[in-house]
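Below: one structure, written as structure tokens.
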Amino acid sequence: MLSEKSLAAIAHERTKYPAEQARSALLAALRIAQEEQGYLSEALMAYVADLLGLPAIHAYEVATFYTMYDLRPVGRHKLCVCGSVSCFLNGSDAVIKHLSERLGIGLGETTADGLFTLQEVECLGACKDAPMMQVGDHYHENLTPESLDVLLAKLRGGSDDVR
Amino acid sequence: MFVNGVTLQNRGVPDSHRLSVYAGTGGYAALRKVLLDPIAPDQIISEIKKSALRGRGGAGFPTGLKWSFMPKGVTGTKYLLCNADEGEPGTCKDRDIMRYEPHRLIEGMIIGAYAMGASAGYIFIRGEFVEPIHIVEAALEEAYAKDYLGQNILGTDFSFDLHVYRGAGAYICGEETALMEALEGKKGQPRFKPPFPASYGLYGRPTTINNVETFASVPDIISKGGDWFLNLGKPNNGGTKIFSVTGHVRKPGNYEVSMGLPFKDLLEMAGGLRPGRQLKAVIPGGTSTAMVAGAAMMEVTMDYDSISKAGSALGAGSVIIMDDSVCIVKTVERISRFYMHESCGQCTPCREGMGWLWRVMHRLENGQGREEDLQLLLDVGSRIEGRTICALADGGVAPVVSSIRLFREEYEYHIQHKRCLISMGDA
């Protein structure tokens, strides 16, 4: 179910822990699987558990507990807007409203073209540069309506790695 | 005043995350001294005790004392962990240490590992921090290449392996035993204590865990002495501390200052309030600490003891400033939502109670509050506090109870008028 590259990455994770502690590599293995396939289907979770010699329930438990795992398909760009207190005090509701209007979707929804999913998340630990959001690997801080429009244009332009 | 002097001292220096830059400013000299002079493990721990360094993750436990709990003479692996699961709303300091000073953290951990006889360690970084994760991983590679990590470090008998562990999104993993569960590949749910990690930690082995800022304070304590560090602050509150000042200030940021700095000076460093605004309230240590009225806060100094006397806690040094444009009810409703979302679900008072508090806060904020709701919030709060395995639930109760105590009339206005006393619009 996974590419050689992903299998090698999981094998590398495995080396960081004692031989009898394969389960420690589970969170990383699920992340690597999700990065390749977009989300964690039940079949993929079971496959990952099997790779590490674990019962499938171990993978289900972890995948349903942590927020960074997606159990359903999401848009190519997941816009995760922080709504915790420092961002809230600095206008995170306005950020969500702006994105919602621009994209024509509400929180938790994905655009029809499959490009964007809009989410509100809890504190991302970048409170001094509020309001902020995470898109892929990158944080975007001190957001304004103008900077959001620039960012959306860049993401629509096709890059997955917009800083 | 001593500004940006310890854990973020190289912030602003180009490429400060590189080993060569760190070494060029005295980095790894403390480790060399410890291993090559050498300094006895006990002597390192007593120097840390002398410095009065206290845990910078929120609990403020004396670091030297914690290190002394690690058992001696046991066979098998002892572990040293770094808690970099920074997630308390208002806290954004460890991220900057990892981005700008990863080697200071790594050197502090290696010294700690030597002092406690740990042979393996993990830096548990929250999964969302992808940029810091890559920086710390690159720094670890540099440290291995320089023989500061791995087998027989610098030709001595001491060996220590250190890896990054990526979290996957859960505030609760900042609780030390939940973090260990996560590291074991499980749901991050806190363990009953005792046994404490020093006797039964990761994989059931003796384990010590400290925050990023705590470890990053260690190299300078070793090279300049415990007394030097202590005297930067005040007795029982040694050293400097990073305060993440956020919310309604003109220059939000991480300010690393001497413990004991008057709050009003810190507020001024952060650019002060916006024009024409008054200070209404401050959460001094992250949302799990009690709210303090603005006027009272202006009399406080930024150290564990002074903030504790004001009825709150220094916590992680996460100072959230609220001016007179905030609706307290709406703000606390938002904070309550966080605790409902982050409760791990293990203890009933927390799993049910965090949701209950939020639902009552939510109806108050939305004009559906009832006369009895304030008493209900206080009653529910008092039945949660102290009845759970970890401190998350107490942290969820604190903002609700403290804000009712300070701003009762604003809550009552919501109940009577079915709307906010102060409209925040889209905030």
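The values are calculated or read from the model by the stated rules, or taken from the named source; none is laboratory data. Given the structure is predicted, the values throughout are model-derived calculations rather than measurements. Cβ coordinates were reconstructed from backbone atoms using ideal geometry, including for glycine residues, and neighbour counts include every protein chain displayed.
Among the residues of segment A:123-130, is there at least one that is in contact with a helix residue (DSSP H, G or I) (Cβ under 6 Å, 6 or more places away or on another chain), without any contact (Cβ under 8 Å) to a residue 12 or more places away in the chain and not assigned by TED's automatic domain parsing to the domain that holds A:ARG31? Looking for residues that are in contact with a helix residue (DSSP H, G or I) (Cβ under 6 Å, 6 or more places away or on another chain), without any contact (Cβ under 8 Å) to a residue 12 or more places away in the chain and not assigned by TED's automatic domain parsing to the domain that holds A:ARG31, one finds at least one in segment A:123-130, hence yes. Answer yes or no as to whether A:VAL121 is surrounded by fewer than 23 Cβ atoms within 10 Å (Cβ to Cβ), under 19 Å from the mean Cα position of the chain (by Cα), within 13 Å of chain B (Cβ to nearest Cβ) and aliphatic (A, V, I, L, M). Answer is yes for this residue.
Which one of these is over 21 Å from the mean Cα position of the chain (by Cα), closer than 30 Å to A:TYR69 by Cα and either at pLDDT below 95 or within 14 Å of chain A (Cβ to nearest Cβ) (or both): B:GLU141, B:GLU86?
B:GLU141
Within segment B:387-427, how many residues are within 14 Å of chain A (Cβ to nearest Cβ), hydrophobic (A, V, I, L, M, F, W, C) and buried (at least 22 other Cβ atoms within 10 Å of the Cβ)? Qualifying residue count, segment B:387-427: 3. When each of B:ILE97, B:ILE44, B:ILE110 is tested for being among the β-branched types (Val, Ile, Thr), in a helix (DSSP H, G or I) and within 19 Å of the chain's Cα centre (by Cα), the lone residue that passes is B:ILE97. Being more than 30 Å from A:PRO131 (Cβ to Cβ), buried (at least 21 other Cβ atoms within 10 Å of the Cβ) and either outside the structural domain of B:LEU183 (by the TED database) or polar (S, T, N, Q) (or both) is not true of B:SER46. Residue pairs whose Cβ atoms lie under 8 Å apart, separated by 6 or more positions or on different chains, with the first residue in segment B:367-384 and modelled with pLDDT of 95 or more and the second acidic (Asp, Glu), are B:LEU374/B:GLU412; B:ILE384/B:ASP394.
The set of residues in segment B:60-100 being under 25 Å from B:GLN9 (Cα atoms), surrounded by fewer than 23 Cβ atoms within 10 Å (Cβ to Cβ) and among the basic types (Lys, Arg) consists of B:ARG99 alone. Considering (1) within 19 Å of the chain's Cα centre (by Cα); (2) under 13 Å from A:VAL85 (Cβ atoms), the lone condition that B:ASP305 does not fulfil carries the number (2). So, of the residues in segment B:235-258 that are assigned to a loop (DSSP other than H, G, I, E, B) and under 19 Å from the mean Cα position of the chain (by Cα), which turns out to be nearest to the other protein chains (Cβ to nearest Cβ)? The selected residue is B:PRO252. The single condition among (1) aliphatic (A, V, I, L, M); (2) surrounded by 21 or more Cβ atoms within 10 Å (Cβ to Cβ); (3) in the same structural domain as B:VAL212 (by the TED database) that B:ALA40 does not meet is (2).
Look at segment A:75-98: where a residue is under 18 Å from B:THR331 (Cα atoms) and a partner is outside any helix (DSSP H, G or I) and among the polar types (S, T, N, Q), sitting 6+ places away or on another chain with Cβ atoms under 6 Å, you get A:VAL85/B:THR287; A:SER86/B:THR246. Taking the conditions (1) more than 30 Å from B:ALA391 (Cα to Cα); (2) surrounded by fewer than 21 Cβ atoms within 10 Å (Cβ to Cβ); (3) not aliphatic (A, V, I, L, M) in turn, B:GLY27 satisfies each one other than (2). For segment A:26-57, residues that are within 13 Å of chain B (Cβ to nearest Cβ), part of a helix (DSSP H, G or I) and surrounded by fewer than 19 Cβ atoms within 10 Å (Cβ to Cβ) total 2.
Which residues, taken from segment B:197-234, are in contact (Cβ under 8 Å) with a residue 40 or more places away in the chain, in contact with a helix residue (DSSP H, G or I) (Cβ under 9 Å, 6 or more places away or on another chain) and not in a helix (DSSP H, G or I)? Passing the criteria: B:ALA198, B:GLY201, B:PRO206, B:THR207, B:THR208, B:ILE209, B:ASN210, B:ASN211, B:GLY225, B:LYS234.
The single condition among (1) surrounded by fewer than 13 Cβ atoms within 10 Å (Cβ to Cβ); (2) assigned by the TED database to the domain that holds B:ALA113 that B:GLY12 does not satisfy is (2). When residues in segment B:172-192 are screened for being charged (D, E, K, R) and in contact (Cβ under 8 Å) with a residue 24 or more places away in the chain, 4 of them pass. Scanning segment A:130-151 for residues that are in a helix (DSSP H, G or I) and either out of contact with any His (no Cβ under 9 Å at 6 or more places or on another chain) or surrounded by fewer than 16 Cβ atoms within 10 Å (Cβ to Cβ) (or both) returns A:PRO145, A:GLU146, A:SER147, A:ASP149, A:VAL150.
Do you know which residues across segment A:58-78 are closer than 25 Å to A:LEU118 by Cβ and either within 9 Å of chain B (Cβ to nearest Cβ) or outside any loop (DSSP other than H, G, I, E, B) (or both)? The answer is A:ALA63, A:THR64, A:PHE65, A:TYR66, A:THR67, A:MET68, A:TYR69, A:HIS77, A:LYS78. Among the residues of segment B:158-184, the ones that are part of a helix (DSSP H, G or I) and over 18 Å from the mean Cα position of the chain (by Cα) come to 3 in all. Residues of segment A:139-154 that are touching a residue at least 12 places away in the same chain (Cβ under 8 Å) and farther than 17 Å from A:GLY91 by Cβ: A:LEU152 alone.
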